[in-house]
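A.B. asks: I have a structure here, written as structure tokens, and I will follow up with some questions on it.
What follows is calculated from the coordinates using simple rules that are stated; it is not laboratory data. None of the values given here were measured: they were computed from a predicted structure. FYI the Cβ positions are ideal-geometry reconstructions off the backbone, even for glycines, and counts take in every protein chain you see.
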Amino acid sequence: MIDKVIIQHNIQKHILAVLMHAKHARFRDMRPSKVDTNLYSYHLKLLIKAGFIKKAEQGYTLDKKGIVYVDRVS
């Protein structure tokens with residue numbers, strides 16, 4: 001059964017949108033403009049903990065759950 005998770009926070013949506021269009025992204029490339037770094041880091045960690053993204057050697061990338069999510073919403 002596919003878990004139907006809906007991302008509702010704008011910062012998390014922005015992070016996933018950046019990764020949807022790039023194979024890898026750096027920390028600073030995914031951060032929305034005019035968003036505090038601590039707040040951004042909090043939402044990034046939530047996405048990592050939930051299994052949507054993972055940190056790779058080249059930067060951050062979509063994990064299996066993130067790929068399924070962006071395929072469903074795009």
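A.B. asks: Can you list the HN-Hα couplings for the range 34-42, worked out from phi with the Karplus curve (6.51, -1.76, 1.60; θ = phi - 60°), rounded to whole Hz and with x for Gly and Pro?
C.D. replies: Residue by residue, the range 34-42 yields 6, 10, 4, 4, 5, 5, 4, 4, 4 Hz.
A.B. asks: Using modelled backbone amide H atoms (1.01 Å from N, in-plane), which distant-in-sequence or interchain residues come within less than 5 Å of I7's amide H?
C.D. replies: Long-range HN contacts for I7: none found.
A.B. asks: May I ask you to derive the relative contact order of the chain, considering only C-alpha pairs under 8 Å and at least 6 residues apart, and to give it as an integer percent? Walk me through the numbers before you get to the answer.
C.D. replies: Details: 70 pairs, mean separation 23.2, N = 74.
Relative contact order, the chain: 31 percent.
A.B. asks: For S33 paired with E57, estimate the spin-label separation in nm (one decimal), with each label point 7 Å from Cα along the Cα-to-Cβ line.
C.D. replies: 3.4 nm
A.B. asks: With +1 on each Lys and Arg Cβ and -1 on each Asp and Glu Cβ, and nothing else charged, work out how big the dipole of the chain is about its Cα centre, in Debye to the nearest 20.
C.D. replies: Charge dipole of the chain: 60 debye, to the nearest 20.
A.B. asks: Estimate the FRET efficiency between S74 and K49 by the formula 1/(1 + (r/R0)^6), using the beta-carbon distance for r and 35 Å for R0, to the nearest 0.05. Walk me through the intermediate numbers first.
C.D. replies: Values: r = 23 Å, r/R0 = 0.66.
So, using R0 = 35 Å, E works out to roughly 0.90.
A.B. asks: Determine ³J(HN,Hα), in whole Hz, for all residues of the range 59-72 in sequence, where each value follows from phi through the Karplus function 6.51 cos²θ - 1.76 cosθ + 1.60 and θ = phi - 60°; x replaces Gly and Pro.
C.D. replies: In residue order, the calculated couplings are x, 8, 8, 5, 8, 4, 5, x, 5, 4, 5, 5, 5, 6 Hz.
A.B. asks: Can you give the helix-only mean residue ellipticity at 222 nm for the chain, where every DSSP H stretch with n ≥ 4 adds -39500 (n - 2.57) and the sum goes over all residues, rounded to the nearest 500 deg cm²/dmol?
C.D. replies: -15500 deg cm²/dmol
A.B. asks: Looking at the calculated P(r) for the chain, what percent of the C-alpha pair distances fall above 22 Å?
C.D. replies: For the chain, the share of Cα pairs beyond 22 Å comes to 14 percent.
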